[in-house]
Amino acid sequence: MAATVAKRLRQKKGWTQECLGARTGFTGAAVSAMERLIHPVSDEMLVQLERVLGDGTGIFEEMRELVRLEKLPEQFRGYAPIEQKAVALCLYANHVVHGLFQTESYERALIADGYPKPTPERQLDGHRDPHPRPRDVPGDPGGSC
């Protein structure tokens, strides 16, 4: 889209590709490659196109964000604007079972693989829950899962 707009505005002013290149600090070949979509338009070229062709409209400035998004893989393009507006990030961690669903064997496995390695004072045996979960709940596997 930026290439088409730049080409039309260049032609409207009656400039050649070499003329536009000289005014923007790029070569005529670079302008030609951008207009024919051989090379994607760079952020710096958009800044210079805004300065030379934009005439205060801000059109190329607005395209800068779209061009940046275009460089992302397609599956991530929708997330970038959301992420920029985010005021907080939350982590959904599904690799640890919390609270009442933990069994003693699960707790032991978590503590045994912890980093840094637990000190003897932090071992599971020294930190028993003063209010253990009852094991007579119907359907409770009793710590065997």
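Since every read-out is calculated from the coordinates, none of them should be taken as a lab result. Everything quoted here is computed from the prediction, not taken from an experiment. Note: ideal-geometry Cβ built from the backbone for every residue, glycine included; neighbour counts use all protein chains shown.
Each peptide in 71-79, 43-51, 13-21 receives the mean, over its residues, of other Cβ atoms within 10 Å, and ordering these scores from highest gives 43-51, 13-21, 71-79. For the pair VAL87 and LYS13, a Förster radius of 41 Å applied to the C-beta separation gives a FRET efficiency near 0.40, rounded to the nearest 0.05. Summing charges over neighbours of LEU66, with a neighbour being any other residue whose Cβ is under 15 Å away from its Cβ, gives -3 when K and R count +1 and D and E count -1.
Across the stretch 8-15, computed HN-Hα scalar couplings (Karplus, 6.51 cos²θ - 1.76 cosθ + 1.60, θ = phi - 60°) run 5, 5, 4, 5, 4, 7, x, 8 Hz from first to last residue, x flagging Gly and Pro.
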